[in-house]
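Novice: Take this structure first; my questions come after.
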Amino acid sequence: MERTFLAIKPDGVQRALVGEIIRRLETKGFTLVGLKLVNVSRELAEQHYGVHKERPFFPSLVDFITSGPVVAMVWEGEGVIASARKLIGATNPLNAEPGTIRGDLGINVGRNLIHGSDAPETATYEIGLWFKDEELVSWQPTITPWLHE
Ligand code: GTP
Ligand code: MG
């Protein structure tokens, strides 16, 4: 089954939005298979956002993501990678549609609350970067027949 890596950034944790954000993914019907609170090292931040190394905002992005605890998560479900990105909304919360996490809860591109893997390859890379295999729990929710025909 498809999996994605999502992380509630330090602003989401500080603003007490952890429950609200998890609720949106749970009620959509996705399954939580990994969850931990992490103080992110600069090394992990630089590996995670390596693709943005040359961008002008890279140093402030690394400062921000290492500034406080992050909730690292792996979610599972049919189409979860693209669907989670839709639930999250556009990178700049001012452009994100109402109904999305960033559209409803944020106002600044540097404080956009949550990260989501953007493709199958990045999901595989990021899950491996943030989680050990034994930290992921495979389980079958009993509501599965009520979510899928
Ligand atoms: P992530 O899920 O965090 O990867 O966001 P994204 O995939 O929607 O955006 P992208 O990967 O392009 O950028 C990574 C992060 O860098 C964003 O979430 C923003 O916090 C930050 N960022 C991107 N573009 C800008 C920008 O133009 N200015 C600033 N200050 N930050 C930016
Ligand atoms: Mg991204």
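Novice: If you scan the stretch 84-94, which residues turn out to be near ligand 1 (Cβ under 10 Å from one of its atoms) and open to solvent by less than 70 Å² (accessible area, probe 1.4 Å)?
Specialist: Result: ALA84, ILE88, GLY89, ALA90, ASN92, PRO93.
Novice: Could you list all residues from the stretch 95-149 that are within 16 Å of ligand 2 (Cβ to nearest atom), open to solvent by 90 Å² or more (accessible area, probe 1.4 Å) and in a helix (DSSP H, G or I)?
Specialist: GLU121, THR124, TYR125 - these are the residues of the stretch 95-149 that are within 16 Å of ligand 2 (Cβ to nearest atom), open to solvent by 90 Å² or more (accessible area, probe 1.4 Å) and in a helix (DSSP H, G or I).
Novice: In this structure, is ILE81 within 15 Å of ligand 2 (Cβ to nearest atom), modelled with pLDDT of 95 or more, open to solvent by less than 50 Å² (accessible area, probe 1.4 Å) and closer than 23 Å to ILE143 by Cβ?
Specialist: Yes.
Novice: Inside the stretch 9-31, can you point out the residues that are surrounded by 17 or more Cβ atoms within 10 Å (Cβ to Cβ) and closer than 20 Å to GLY79 by Cα?
Specialist: Within the stretch 9-31, ILE21, ILE22, ARG24, LEU25, PHE30, THR31 qualify.
Novice: To continue, here is another question. If you go through the stretch 65-72 one residue at a time, do you hit one that is under 16 Å from PHE131 (Cα atoms), touching a residue at least 40 places away in the same chain (Cβ under 8 Å) and within 16 Å of ligand 2 (Cβ to nearest atom)?
Specialist: yes
Novice: Among the residues of the stretch 32-68 satisfying the criterion of being surrounded by fewer than 16 Cβ atoms within 10 Å (Cβ to Cβ), assigned to a helix (DSSP H, G or I) and among the acidic types (Asp, Glu), which is nearest to ligand 1 (Cβ to nearest atom)?
Specialist: Restricting to residues being surrounded by fewer than 16 Cβ atoms within 10 Å (Cβ to Cβ), assigned to a helix (DSSP H, G or I) and among the acidic types (Asp, Glu), the top hit is ASP63.
The values are calculated or read from the model by the stated rules, or taken from the named source; none is laboratory data. If you're wondering where the values come from, they're calculated on a predicted model, not measured in any experiment. Counting neighbours? That spans all protein chains shown, and the Cβs are built from the backbone with ideal geometry, glycine included. These area figures cover heavy atoms from the full protein model, side chains too; ligands, DNA and RNA do not enter into them. Shrake-Rupley method; radii C 1.70, N 1.55, O 1.52, S 1.80 Å.
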